[in-house]
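Step one of this worksheet: look at the structure below.
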Amino acid sequence: MIVQETIHCTPDEYLEFVMDVGRYAEIDDKIGSIDWVRRVDNLVEFRFRPVLPGIPGPAPKLVSQMRLTPGLRVDVRYAPLPRNRLNHRLSRFSASFEAEAVADGVSRVRRMISIDFAPFLRWPLEPILRRRLPADVREEMRGAKRRLES
């Protein structure tokens, strides 16, 4: 799923906001409690408990990686094995944030999320996420817009 928004900021301002996991978690309720964050250059790793909209119960903690392509995008995925063994067995996840200047001080930003579950989880979880995730991501983008334009 992809959500697009126009925000009065530069692409770099938006992408650096995304790379600051603690700040971004303030507008994205899918990022639950964060245990730690490590950034080295254009790579951020962080351990947290994800919260999937409409899915009850605690999800297993995981380590995610965000990689910045300066001025263009941030790509997000599970940290590779041996981390996240359970998460790698249960699902596949990818996400991205793209930013493109469309006018002086205005950017078009796109947020993409893809989650594919193992077959035994697919039938109970995917219908819930299909109903709940789009509205959640739209609200996340509105939150980014409010935060960056204030």
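Residue 55 versus (1) in a strand (DSSP E or B); (2) more than 30 Å from residue 102 (Cα to Cα); (3) of a type in the set (A, V, I, L, M); (4) in contact (Cβ under 8 Å) with a residue 40 or more places away in the chain: which is the lone unmet condition? Only one criterion in (1) in a strand (DSSP E or B); (2) more than 30 Å from residue 102 (Cα to Cα); (3) of a type in the set (A, V, I, L, M); (4) in contact (Cβ under 8 Å) with a residue 40 or more places away in the chain is unmet by residue 55, namely (1).
Based on what the data block shows, is residue 147 assigned to a helix (DSSP H, G or I) and either touching a Gly at 6+ places or on another chain (Cβ under 8 Å) or in contact (Cβ under 8 Å) with a residue 24 or more places away in the chain (or both)? Yes, satisfied.
Once the stretch 51-71 is narrowed to residues that are in contact with a strand residue (DSSP E or B) (Cβ under 7 Å, 6 or more places away or on another chain) and more than 23 Å from residue 146 (Cβ to Cβ), the residue that is surrounded by the most Cβ atoms within 10 Å (Cβ to Cβ) is 64. Per the listing 108, 83, 132, the residue uniquely surrounded by 14 or more Cβ atoms within 10 Å (Cβ to Cβ), among the basic types (Lys, Arg) and in contact with a Ser or Thr (Cβ under 7 Å, 6 or more places away or on another chain) is 108.
How many residues, within the stretch 96-114, are assigned to a strand (DSSP E or B), within 18 Å of residue 149 (Cα to Cα), in contact (Cβ under 8 Å) with a residue 60 or more places away in the chain and not basic (Lys, Arg)?
We begin by selecting, within the stretch 96-114, every residue assigned to a strand (DSSP E or B); these are 96-103, 106-114.
Adding the requirement that they be within 18 Å of residue 149 (Cα to Cα) leaves 97-103, 106-111.
Those still in the list that are in contact (Cβ under 8 Å) with a residue 60 or more places away in the chain too: 97, 99-102, 106-111.
Next, only the ones that are not basic (Lys, Arg) stay: 97, 99-102, 106-107, 109.
Here the count works out to 8.
How many residues does the stretch 94-150 hold that are over 15 Å from the mean Cα position of the chain (by Cα) and aliphatic (A, V, I, L, M)? Total meeting the criteria: 9. Count of the stretch 74-92 residues, restricted to those that are under 23 Å from residue 41 (Cβ atoms) and in contact with a Pro (Cβ under 9 Å, 6 or more places away or on another chain), is 1.
One line per residue, one yes/no per condition, for (1) exposed (fewer than 15 other Cβ atoms within 10 Å of the Cβ); (2) in a helix (DSSP H, G or I):
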position: 88; (1), (2): no, yes
position: 94; (1), (2): yes, no
position: 116; (1), (2): yes, no
position: 120; (1), (2): yes, yes
position: 128; (1), (2): yes, yes
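Every read-out reported here was derived from the displayed coordinates using simple, explicitly stated rules and does not represent laboratory data. These figures come from a predicted structure and were not determined experimentally. Ideal geometry is used to build each Cβ from the backbone, glycine not excepted, and the neighbour counts take in all protein chains shown.
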